[in-house]
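Values in this text are rule-based calculations from the coordinates and carry no lab data. Everything numeric in this text was worked out from a predicted model, so none of it was measured. Cβ coordinates were reconstructed from backbone atoms using ideal geometry, including for glycine residues, and neighbour counts include every protein chain displayed.
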């Protein structure tokens, strides 16, 4: 079980670095027209994020399946709720991706106003994600009880913390 967890963490946390590497490599490619380059980069990045999310969501589901210890009846109740959670989480995560792209785009010439805007956006994202987790805690609790719902929140929270740590550690620090 520990080996599965280590593998999962390594797989899950490598994604943001790969996205950052892809974006960095795209920025260094020969200059085309600004509009064509931006459109191509945006398409490539969007497609990569879709593929990454698909893989990460599949790995998260496998991991959750082993940790949640659900019998067939409980699994039949849990997984539809979890799929709804993941769909909503992906929408909330789009806010984070947009904010991170803006951070990267404006990093070299960061103003106080831009820094404040980006932090306000980051805090709004975090608040929405926390509210989403609370919403789905309630849904799981109603269907499966508080113990299972608490297990879901604990495991999902730990996974989200690992993802946050990996993303945050790959971002440049303003002023350095």
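Below are the figures for this structure:
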item: Debye intensity ratio in log₁₀ form over the Cα atoms of region 80-176, taken at each q of 0.21, 0.22 Å⁻¹; result: -1.06, -1.13
item: FRET efficiency for residue 77 and residue 158, using Cβ-Cβ distance with R0 set to 30 Å, rounded to 0.05; result: 0.85
item: At R0 = 22 Å, FRET efficiency that the Cβ-Cβ distance of residue 88 and residue 170 yields, to 0.05; result: 0.30
item: Protection proxy ranking, peptides 63-74, 104-115, average beta carbon neighbours within 10 Å, highest first; result: 63-74, 104-115
item: Centroid-to-centroid separation of region 79-96 and region 137-166 [C-alpha atoms, Å]; result: 13
